[in-house]
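Everything below concerns the one structure shown next.
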Amino acid sequence: MSKDKIDPTNVEDQTNMTLTNRQGHPISDNQNIRTIGNRGPSTLENYHYIEKISHFDRERIPERVVHARGAGAHGYFEAYGTVGDEPVSTYTRAKLFQEKGKRTPVFVRFSTVVHGTYSPETLRDPRGFATKFYTEDGNWDLVGNNLKIFFIRDPLKFPDMVHAFKPDPVTNLQNPEKMFDFVSNTPEATHMITFLFSPWGIPANYRQMQGSGVNTYKWVNQNGDAVLVKYHWEPLKQGMKNLKQSEAEAIQGKNISHATQDLYEAIAKGDYPEWELCVQILSDDEHPELDFDPLDPTKLWDHERIPFRKVGKMVLDRNPDNYFAEVEQAAFGTGVLVDGLDFSDDKLLQGRTFSYSDTQRYRVGTNYLQLPINAPKSPVATNQRDGQMTLMVDKAPGQNPHVNYEPSSLGGLQEAAPSGKEHQPMYHDRLVREKISRTNDFGQAGDTYRKFEDWERDELIANLVDALKICKPVIQANMISYFEQADPDYGRRVSEGLAQAKIEMDHLGSAAAKAGAELAENAGQRTD
Ligand code: HEM
């Protein structure tokens, strides 16, 4: 009998609802441990108790080192069969995009980045937007953020960046001075900081925000020809909304889970959020005509010059049945691509690609890909065997179960026929440790500053001044010089804001000192 047909008032059904332990033994007393007399002591053979409590003791797995706080939902992606007004097959042979109306199941996890699993969802932070497409060719993960750019372009800097942003190792408090200490020595972060401290740093919720793959990928067609692509999710009917700092604080005072609640409730009542997937396409070369490198994730690709082309839409229409099994154990990675999609030489992307599956083998376990949320919905047949928590053997129907290696003539797995010509880029250069030549760290930060609406610029300045006012003068001076190089007005306003904040803090400080002195003097008079 299926669980949803059980009638708890029916005696026969009650048998189906009997509590058992994990060995299948019915539990007749779930209230009292076994003791010698009803005042104890307890005995060690309390199997049910020991199993129950020791499973409970292991209920938590390590939280994600970043993006720990999240919410997720299931849905589908529906292809348009075209990219803008061209057939998508011109650029990629990835099957999920080819046919108009073709649906691919998806699971999406949204997240905040810096703080832990139970932190408020109102904090100023990028938002994660990770999508798993369960395609007929296996899984594709598009692991993106709401903002279209990133703080750094070299993955070697990632652990330092995260350490500077996370709570202090001594006080366990997040400290803007540490954060800006790192940023003021990282000029390429100026553009991302400009977005983050504007209202774009606090999306109203997970439904009303954009998504972006951030990194540059490649699309590969049947002939093995490649183009560079960037992916973008544009919210459809629900629109886009960001919050002022004061609005976020008001929400946070009442609810630290407003974004999880908003997503869950919208889906539960049938108001399904939708996004359109757009790509920007560039030929696969260095593009010397641009004043930035197309492999640099700190840069936007100007959408007037490099248009957004629509390739399909995504609808999220089902809440998870269990948060831990699906959302917490979900494992996304930038290495998870399908035929027709490829990596570019974007260094950050290549660095990320090692990190995800590495952390997941530790966080979830060696066999994390056997869990239903992570397993492809297409057939899986590998010669991987064993390891902790093996749930099944990856075996093809008809495969000789003794043959767990390849090649073999005894009925083992065979290599697949190539589905198109392989993309084979040519490399001829020295092995070096150097940054890219076209860094242009401030130009686009200035463009973004000028494109903001007035209220967004006002919020940006106020938020930056608020965070920077407690920082050492050297950090303030570096940041002002970065903002000035982006746009003189930007630098001037932050500088004036900080000067004003200093006057106010000095005033408060001297008022407090004066009050303290008066108190001491009065106390002295009384004791005299
Ligand atoms: C999560 C590493 C840059 C988006 C993670 C996790 C790691 C990581 C270790 C935890 C994964 C897990 O426990 O399952 C890195 C490294 C980066 C980098 C080393 C740069 C070198 C980025 C960038 C983006 C991004 C540029 C945005 C495009 C995400 C998202 C998640 C995540 C959305 C959460 C995935 C989920 O919901 O499970 N990252 N990351 N990361 N990262 Fe990155």
The conditions are (1) within 16 Å of the ligand (Cβ to nearest atom); (2) farther than 19 Å from residue 365 by Cβ, and residue 48 fails exactly one of them. Which is it? (1)
Please state which of the following conditions residue 435 fails to meet, knowing it meets all the rest: (1) more than 16 Å from the ligand (Cβ to nearest atom); (2) out of contact with any strand residue (DSSP E or B) (no Cβ under 8 Å at 6 or more places or on another chain); (3) basic (Lys, Arg); (4) modelled with pLDDT of 95 or more. (1)
What's the total number of residues in segment 118-127 that are within 12 Å of the ligand (Cβ to nearest atom) and either aliphatic (A, V, I, L, M) or over 14 Å from residue 165 (Cβ atoms) (or both)? 1
Scan segment 53-75 for residues that are surrounded by fewer than 18 Cβ atoms within 10 Å (Cβ to Cβ) and of a type outside the set (Gly, Ala, Ser) and jot them down. 53, 55, 56, 57, 58, 59, 60, 61, 62, 63, 65
Among the residues of segment 31-85, write down those that are in contact with a strand residue (DSSP E or B) (Cβ under 6 Å, 6 or more places away or on another chain) and of a type in the set (Phe, Trp, Tyr). 76, 77, 80
Among the residues of segment 294-314, is any more than 30 Å from residue 359 (Cα to Cα), exposed (fewer than 15 other Cβ atoms within 10 Å of the Cβ) and of a type in the set (Gly, Ala, Ser)? no
Checked segment 227-269 for anything in contact (Cβ under 8 Å) with a residue 12 or more places away in the chain, more than 17 Å from residue 126 (Cβ to Cβ) and part of a loop (DSSP other than H, G, I, E, B); matches are 236, 237, 238, 239, 244, 256, 257
If you go through segment 228-259, how many residues are touching an Asp or Glu at 6+ places or on another chain (Cβ under 8 Å), buried (at least 19 other Cβ atoms within 10 Å of the Cβ) and over 24 Å from residue 274 (Cβ atoms)? 1
For segment 106-117, pairs from a residue that is more than 10 Å from the ligand (Cβ to nearest atom) to a residue that is modelled with pLDDT under 95 and part of a loop (DSSP other than H, G, I, E, B), with Cβ under 9 Å and 6 or more apart or across chains, are 114/174; 115/174; 117/60
Inspect all residues belonging to segment 96-104 and state whether any of them is more than 14 Å from the ligand (Cβ to nearest atom), in a loop (DSSP other than H, G, I, E, B) and free of Cβ contacts under 8 Å to residues at least 12 places away in the same chain. no
Filter segment 323-343 down to the residues that are surrounded by fewer than 20 Cβ atoms within 10 Å (Cβ to Cβ), part of a loop (DSSP other than H, G, I, E, B) and within 16 Å of the ligand (Cβ to nearest atom) and list them by number. 329, 335
Any idea which of 81, 70 is out of contact with any Ser or Thr (no Cβ under 6 Å at 6 or more places or on another chain), of a type outside the set (A, V, I, L, M, F, W, C) and either touching a residue at least 12 places away in the same chain (Cβ under 8 Å) or within 16 Å of residue 332 (Cβ to Cβ) (or both)? 81
A careful count of residues in segment 466-493 that are of a type in the set (Lys, Arg) and part of a loop (DSSP other than H, G, I, E, B) gives 2
Among the listed residues 166, 95, 102, 148, which satisfies the condition of being under 18 Å from the mean Cα position of the chain (by Cα) and more than 25 Å from residue 256 (Cα to Cα)? 148
Report, by residue number, each residue of segment 344-389 that is within 16 Å of the ligand (Cβ to nearest atom), closer than 27 Å to residue 424 by Cα and part of a loop (DSSP other than H, G, I, E, B). 344, 345, 346
Residue 281 is checked against (1) surrounded by fewer than 19 Cβ atoms within 10 Å (Cβ to Cβ); (2) of a type outside the set (S, T, N, Q); (3) over 22 Å from the mean Cα position of the chain (by Cα) and fails just one. What number does that condition carry? (1)
Which ones in segment 51-81 are more than 16 Å from the ligand (Cβ to nearest atom), under 22 Å from residue 321 (Cβ atoms) and in contact with a helix residue (DSSP H, G or I) (Cβ under 9 Å, 6 or more places away or on another chain)? 59, 77
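Rundown of residues vs (1) within 16 Å of the ligand (Cβ to nearest atom); (2) among the acidic types (Asp, Glu); (3) out of contact with any Leu (no Cβ under 8 Å at 6 or more places or on another chain), yes/no style:
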position	(1), (2), (3)
271	no, yes, yes
274	no, yes, no
279	yes, no, yes
285	no, yes, yes
294	yes, no, no
303	no, no, yes
Qualifying positions in segment 150-174 - near the ligand (Cβ under 9 Å from one of its atoms) and either touching a strand residue (DSSP E or B) at 6+ places or on another chain (Cβ under 8 Å) or free of Cβ contacts under 8 Å to residues at least 40 places away in the same chain (or both): 157, 159, 161
Just wondering, is there one or more residues in segment 404-411 that are within 28 Å of the chain's Cα centre (by Cα) and surrounded by 17 or more Cβ atoms within 10 Å (Cβ to Cβ)? no
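The values are calculated or read from the model by the stated rules, or taken from the named source; none is laboratory data. These numbers were taken from a predicted model, which means no experiment stands behind them. FYI the Cβ positions are ideal-geometry reconstructions off the backbone, even for glycines, and counts take in every protein chain you see.
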